[in-house]
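Let me begin by presenting the structure, written as structure tokens, before commenting on it.
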């Protein structure tokens, strides 16, 4: 039950978002660079994906490097230097073992706190938020650092028209603190799901590039994100009409448009920032939130509905009322734009 406490029984604590930080990768890759290699036009890419350019990590940049930058920004946003747990959501851990999170925690100077990875592909954020909620509710932590990071570019075949233009690299993080239900930033009920019967629709075999069946994934993504979004809103006691901002995983502009139509949302309610970042996988929702907050599209008090879909197949959604928190962006001092190759 999520209603008010009765008969003197205190409400369970809530997991409250109190800091948000992002870290962009350093290389700017235009559609012209990719189109020349694939033998298509720049418009061919932008029409099918909504992407104009994307950020990619250089050869010397690791997943941990991006994660540390985003985490530092989130801790600055939350005005804290200490957390009790680190959860890192990624499909591109730097090693098969160990996990990337312990190294990130060490580099952040957080001491010997619990730190672990979870792998839910592009659905990493809602999965990580559910884990963080459980840790906070159990009383095991006062503050949890959730990092979403992926460096998909080195796993994407540059000659594959299905995937070469889609993915960008980057990291985003939030600090979650123990708080009260109903306060701004409190994460609502999280809806999660998975269907391994379609796991081969998008897969990265060991030592190989990503393989993806785009048309099949499109249908699954639209259906599952729409259903999860409706369920999350209902679980929070909202109707879809109550939603001020809908933030889907930034997979493809066409998917976002299709989900918005199915939910009967208009353009002003839907956040979309894929044009200049590409699909940043697990980090994409937080990137969209941060940009919208910086641009004034997202304001304190807005009712926000989040939904994601990824490999596995996995999906998830949740809600929150946007809090008054600064969004700290770590951008490269000198982003390097690749030269166009035709």
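Full extension from residue 79 to residue 96: what is 0.36 nm times the residue separation minus their Cα-Cα distance, to one decimal in nm?
Once the chain is fully extended between residue 79 and residue 96, it gains 2.8 nm.
Taking the centroid of alpha carbons for each part, the stretch 32-86 and the stretch 98-162 are 15 Å apart.
Taking Cα centroids, how far is the stretch 246-281 from the stretch 15-30 in Å? The stretch 246-281 and the stretch 15-30 have Cα centres separated by 18 Å. May I ask for the percentage of alpha-carbon pairs in the chain that lie more than 31 Å from each other? Within the chain, distances greater than 31 Å cover 27 percent of Cα pairs.
Going from the residue with the fewest nearby Cβ atoms within 10 Å to the one with the most, 167, 246, 218 rank 218, 167, 246. Modelled this way, with points 7 Å down the Cα-to-C-beta line, the labels at residue 52 and residue 140 are 4.5 nm from one another. Bridge orientation summary for the stretch 191-324: considering DSSP beta bridges with both residues in this region, about 75 percent are antiparallel. Each eigenvalue of the Cα gyration tensor of the stretch 191-324, multiplied by 5 and square-rooted, gives one semi-axis; in descending order these are 26, 17, 13 Å. The ranking of 48, 215 from fewest to most other beta carbons within 10 Å of each one's beta carbon is 215, 48. In this label model, residue 231 and residue 44 are separated by 3.9 nm, measuring between points 7 Å along each Cα→Cβ vector.
Along its three principal directions, the equivalent ellipsoid of the stretch 173-243 from the Cα gyration tensor extends over semi-axes of 32, 18, 10 Å, largest first. GNM remark for the chain: springs join alpha carbons under 10 Å apart, and the peak mean-square fluctuation among 129, 110, 66 falls on 110. Placing pseudo-labels 7 Å out from each Cα toward the beta carbon at residue 107 and residue 242 gives an inter-label distance of 4.1 nm. Quick one: helix 284-295 against the long Cα principal axis of the chain, what's the angle to the nearest 10°, folded into 0 to 90? Relative to the chain, helix 284-295 is tipped by roughly 80 degrees. Roughly what % antiparallel, to the nearest 5, for the DSSP beta bridges in the chain? Of those bridges, close to 65 percent are antiparallel. Ordering 187, 146, 328 from the fewest to the most neighbouring beta carbons within 10 Å gives 328, 187, 146.
Bear in mind that the values in this text are calculations on the coordinates, not laboratory data. Given the structure is predicted, the values throughout are model-derived calculations rather than measurements. FYI the Cβ positions are ideal-geometry reconstructions off the backbone, even for glycines, and counts take in every protein chain you see.
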